[in-house]
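Novice: Following this message is one structure expressed as structure tokens.
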Amino acid sequence: MFAHQQSQRSIRSFGGSVTRIAIVFSFLCAFQVVALTANPVPFINNPLVPGAAVPGGPGFTLTVNGSMFVSGATVNWNGQPLTTTFISQSQLTAAVPAADIAVASTASITVTNPGSNVVSNDVSFQVTAPESMVYFKEAPGYPAGVGTPGAPAGVGMTVVAGDFLGNGKPDLAFVGGAGTDASGYGVSLVVGNGDGTFTSSPLQGPHQVGLYGVQRGDFNGDGKQDLAVTNWDDNTVTIMLGNGDGTFSQAGSPIPVGPAPIALGVGDFNHDGNLDLAVLNSDVKKSGSPNGSVTILLGNGDGTFTQAPGSPIAKPSLYDSPTNIAIGDFDGDGTLDLAIADGGPGSIWILLGNGDGTFRNTAVDPISTQMFYNGGIAAGDFNGDGKLDLVVTGVGSAYAGDLHAMNVLLGNGDGSFTAVKDCCGFGDGNSTRNFYMTVADFNGDGRPDVAILSEEQSISQPADFVQILLNQGDGTFTPTDYSVLLNPFPTALTSGDFDSSGRQGIAALVGPEALSSLVQVPNPSWSTPPNFTVSAQNTSLAVKAGGSITDNIAISSQYGFYGEITGETCTGLPTGATCTFNPAVPPAVIPQMMLPLENFQYTITITTTAPSYATSSTSSSGQSGPYGKLPLPVFAAMIGVPFCFLKRSPYSKLLPLRALALVLLISAGISSCGNGTMAPNFPTGGTPPGTYSVMVSATSPSGGGLRHSAKITLTVQ
């Protein structure tokens, strides 16, 4: 109506000039577009509430927590809008109908703000029955080569899962390259078939040596997933725009950043409705001393980027080589912040966002993880208090007092964190490297769990494996009782519902030039389930009472078992015998963390006790007999009894001679005792001679409480 009236006035006043009306409309439309695109790209926290539902259950209300939601924001279920209620800039609720959870599946949850074409990051919602334990096996035919001739190797430290074809099935993108290919590395995409298997696609640009990290996002607002790739050697980031069919087109020239870029974070840091990049520059091998930094690239909405003011952001001088980055609103002010895992000192660097693409250091800096080296970092609400927490992997350090594979830092909601003591996972000092992780709800209970890529280096044949840590809901994680063994030299891992089962699987790049696709299976179907053994080098030992003897004991992991091993004292020992262990860790043998393919070697020493011999001696007054300290009258009475019978003997005539002989004999005995000589008694105490079955045992709370023993036949002489 307004447009019609203004048009009529324009005709009367200016002789029907349509040109000016067009200008007005163009201005109004342009103003409307600018106003609509001013809304930021929202960000969703992990997990959703609830984070899972049982197939066939009733409809429910889904709570989505995050940041930068505006009034009119919409929650999407697999791209389809749900009826959404705006609660605040950090919370939305949405009605999920029963039809959406009728069968087991995994839904992709995103949020769209009005006026923006760019959706938020996606968080998975599991439609599956919860399990107390999870089990994984390689998909049929895996591990398998991943690539065209030349088999692109997983040389990068990042693999990302995403739906690059728009068919609802997760694909994998990572840096790869043929070792003999002079054109260098490129981006390898393996297309998910929805059954746990993948089909390789041709190696794609930029074909440069030194490609390293990969991240995904819709950088040009066309609804298709794009890629950002770091180049370690030439200090640049390349943007590859997705065509929606599994192919990519390079957007412009590589973007200069800081020295040795290795990791990327994606989010709208200046609230303009376009995705931006936080590029972590490690500075490794670029200078004599590490001097890492963060370069902020602000997206222009068309796949190009402009470096933010004040960028790159230099790290505090206390820090060594930064390794990885996590994104989230850690202080609850509605802007995205950065958490950076640092190398050598085992620290976390927190940068709080100002909402304009610039960042500031926190007041308390750094945050110590008590680890020697931090490799992976991820953000999520791991204790359910509505505040973002951090999990950080690294190399356990006995010097720093932590031998675990992962640290948990609980968020206080103001950008500061409190460490959970003695948590979590299995490390073994500097011999176990726990570098990278993926966070997903593996057992379907609605809480985010963690899978860690680990390598045990202390044994002759290094073991590469994945630890699975299940979230207990209070900020702690409990390892499962087995690990998943991998091919040697894994470089990266990620998670996703790769077999359309509604349960999260794991994909890992492994050497040489292969991919492991781990899918969940029901209750163990192995003919030889994960376990451990206890064995003795010598099963028969002989020792003289009072002596000692040693034997070598080995506890060995079998079929990927890992868990805490608590050695126990020997059982079945004879009286007076003890056993000791070397190394000896109270209260028993060796409370340690057993890792796959690992052997615990220690020595057991069995010590026996010699018997003691009681002795007697005569006094100078002759008050003792030859059989102990008997009173002389009693001894005389004992001797006198036979004489009563001798009197009735037919040889009674010999009585004087016999009596004389006995008197002389008694006198000699009394005289001998009177001289104080020692007379032996029967042996007492000590380890009795005999054959015994000694059991040396070890137990583990894993696997429902496993216990195994080695039998040693001990002969005491």
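The values are calculated or read from the model by the stated rules, or taken from the named source; none is laboratory data. Bear in mind that the values here come from a model prediction, so they are computed numbers and not experimental data. Because the Cβ atoms are built from the backbone with ideal geometry, glycine has one as well, and the counts that use them run over all protein chains shown. Areas reflect the complete protein model, heavy atoms only, side chains present, ligands, DNA and RNA absent. Shrake-Rupley method; radii C 1.70, N 1.55, O 1.52, S 1.80 Å.
Novice: Please give the per residue accessible area of region 189-268, computed with a probe of 1.4 Å over protein heavy atoms only, in Å². Please report the intermediate quantities before stating the final value.
Specialist: On the way: 2510 Å² over 80 residues.
Result: 31 Å² per residue.
Novice: Still on this structure, I have one more. So with the 1.4 Å probe, I'd like the accessible area per residue for region 100-146, rounded to whole Å². Show your work: numbers first, answer last.
Specialist: On the way: 1810 Å² over 47 residues.
On a per-residue basis, region 100-146 sits at 39 Å².
Novice: What spacing in nm lies between the two simple spin-label points modelled at Gln601 and Ser88, each 7 Å away from Cα in the Cβ direction?
Specialist: About 5.9 nm, to one decimal.
Novice: Next question. If the chain between Asp222 and Glu138 were fully stretched, how many nm would it gain, using 0.36 nm times the residue separation less the Cα-Cα distance?
Specialist: Details: separation 84, 0.36 × 84 = 30.24 nm, distance 3.56 nm.
Once the chain is fully extended between Asp222 and Glu138, it gains 26.7 nm.
Novice: Using 7 Å Cα-to-Cβ label points, what is the Thr571/Ser612 separation (nm, one decimal)?
Specialist: 3.1 nm
Novice: How much length is gained on full extension from Ser368 to Thr418, taking 0.36 nm per residue of separation minus their Cα-Cα distance?
Specialist: On the way: separation 50, 0.36 × 50 = 18.00 nm, distance 1.01 nm.
Using 0.36 nm per residue and subtracting the Cα-Cα distance, I get 17.0 nm.
Novice: Could you work out the relative contact order of region 191-249? I mean the mean sequence separation of Cα pairs under 8 Å and 6+ apart, divided by the number of residues, in percent.
Specialist: Values: 87 pairs, mean separation 15.0, N = 59.
So the answer I get is 25 percent.
Novice: Taking amide H positions as placed in the peptide plane 1.01 Å from N, state which residues far from Val49 in sequence (5 or more) or on other chains have amide H under 5 Å from it.
Specialist: The answer is Thr63, Asn65.
Novice: Just need the relative contact order of region 66-121 here, percent rounded to a whole number, with Cα pairs under 8 Å and 6+ apart. Present the calculation step by step, with values, prior to reporting the outcome.
Specialist: Numbers: 95 pairs, mean separation 21.4, N = 56.
RCO, region 66-121: 38 percent.
Novice: Please list, or write none, the aspartates and glutamates whose alpha carbon is within less than 16 Å of the alpha carbon of Lys421, excluding same-chain residues fewer than 8 places away.
Specialist: Counting by Cα, and skipping residues close in sequence, Lys421 has these aspartates and glutamates nearby: Asp389, Asp402, Asp474.
Novice: Of the accessible area of region 57-137, with the probe set at 1.4 angstrom, what percent is carbon plus sulfur? Numbers along the way, then the final one.
Specialist: Working: 1740 of 3270 Å².
So the carbon and sulfur contribution to the accessible surface is 53 percent.
Novice: Moving on. Extension gain Asp234-Thr63, at 0.36 nm per residue separation less the Cα-Cα distance, in nm?
Specialist: On the way: separation 171, 0.36 × 171 = 61.56 nm, distance 4.38 nm.
Roughly 57.2 nm would be gained on extension.
Novice: Sort 383-391, 491-499 by the packing proxy (mean of other Cβ within 10 Å over each peptide's residues), most packed first. Walk me through the numbers on the way to the answer.
Specialist: Values: 383-391: 21.1, 491-499: 24.1.
In descending order of packing, they fall as 491-499, 383-391.
Novice: Can you list the aspartates and glutamates whose alpha carbon sits under 14 Å from that of Lys224, skipping same-chain ones fewer than 8 residues off?
Specialist: Correct list for Lys224: Asp122, Asp163, Asp171, Asp245, Asp302.
Novice: With an 8 Å Cα cut-off and a minimum separation of 6 or more residues, compute the relative contact order for region 191-325 in percent.
Specialist: On the way: 329 pairs, mean separation 24.6, N = 135.
That works out to 18 percent.
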